[in-house]
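Contents: one structure, followed by commentary.
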Amino acid sequence: MSGLGRLLPVAARLSRASLVATFAAALVLGPSSIGVAADDAPHGQVRAAEQRLLGSDDEAARLAACQPFTREIAGEGAVEGSFDASLAKAGVPAAVSLEARRALATAVDLGREVAIGDRFYVRFQQAFTAAGAPIGVAHLLWAELVTTARGPVAVHRFRPPGGVERFWLANGEAAMAPSMRLPLDAVTVSSAFGMRADPFDQPPPSKSIGRRAPMGGPDQPASGVSGKGSAINVSTSLGIAMGLAPLPGLKAPPRGFPAVFMHEGIDLAAPTGTPIYAASDGIVVGATVNGGYGNWIRIDHPRKLSTVYGHLSEFAPGIKEGVQISQGELIGFVGNTGHSTGSHLHFEILSGGKAVDPLSYPEIKREQLHGADLRRFREQVQRARAERDREMALARVLTH
């Protein structure tokens, strides 16, 4: 009879505890000792066998102790040397440092506006093993940079209900560059989009009157006066002083005054030689002299969008038809060529071939939280700041 066969009659007469001990004794002493009482077996050996059969009493506790856990960690300090080196010195992991730089760079020029002595605060989440070793990739929760040049700038991770988790500036604007930007770093609008009596930025009367200027541009009504009935746009004082915009309040062209035209772009006043940057990724489809535009560039972008740049003093090296361009890439320099009486850039956005106002075009603005989402975000920001302030106050008490 097998060992198990000899064990069954014995097991039938034992309690559960004795049964376990008997099985353990069988494991320790072998089948030939089935009839030996469990208490006769070496206690340590029997106990070890019981644990192999039924598990240890503290097995659940030991298993829980092996589980990873997450912690929120803060790093803060003053900039000493480079911003990256300062973050590393404060114990901020490289992945978190990269997230912080990318988010903050949408509001601060980290190369020019961060100085020695500027302060930073970074809070991130990290997973650890039970032994305390970091595992996985840490991720940024929020960060604040206080610079002499810009004051405090903060970014917070937030997911609107049903939305995408991303970083947001404290005012509720998305901390990410819009898909389209204005072509100058410093924007001074001298003439807006709409009807105006100023002819300086228009192609001269020619055989093309009554037809659209080639490759984008203003519509030239055959009569020289718009029949759309729109009010003439409001000009800025700078545009008037420079002769780039008409006098305010003009409703119709008086006798002897130039005709009213639809100004299908905006004029951005800037000194000659100011760098001009591509508004978005695209392909250059024109870079040449183009009538009243003077030196002119057109770039086609995805989703049937195009941008037009006029009156350039010169093109950037390598800018020519067929060249692929990235957003923010240098394409030329502000000038006073073509029908222009002052140094400025004429800028248009064409959507499906139709001119739209660049200053109100949605893709040129950051996404903005509104309503309940904005309230929830502000509450999260307040909690985060309060927690930071409590921690820093406690740290001051402990160090004194």
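The values are calculated or read from the model by the stated rules, or taken from the named source; none is laboratory data. Please read these numbers as outputs of a predicted model, since none were measured by experiment. Cβ placement follows ideal geometry from the backbone for every residue including glycine, while neighbour counts extend to all protein chains displayed. Please note that ligands, DNA and RNA were not included when accessible areas were found on the heavy atoms of the full protein model with its side chains. Shrake-Rupley method; radii C 1.70, N 1.55, O 1.52, S 1.80 Å.
Extension gain for residue 70 to residue 109 (0.36 nm times residue separation, less C-alpha to C-alpha distance): 10.8 nm.
Looking at the range 303-361, the accessible area is 42 square angstrom per residue; that uses a 1.4 Å probe and ignores ligands, DNA and RNA. Contact order, relative form, for the range 312-377: 22 percent (alpha carbon pairs under 8 Å, 6 or more residues apart, mean separation divided by residue count). With the simple model of a label 7 Å out from the Cα in the direction of the Cβ, residue 148 to residue 354 spans 5.2 nm.
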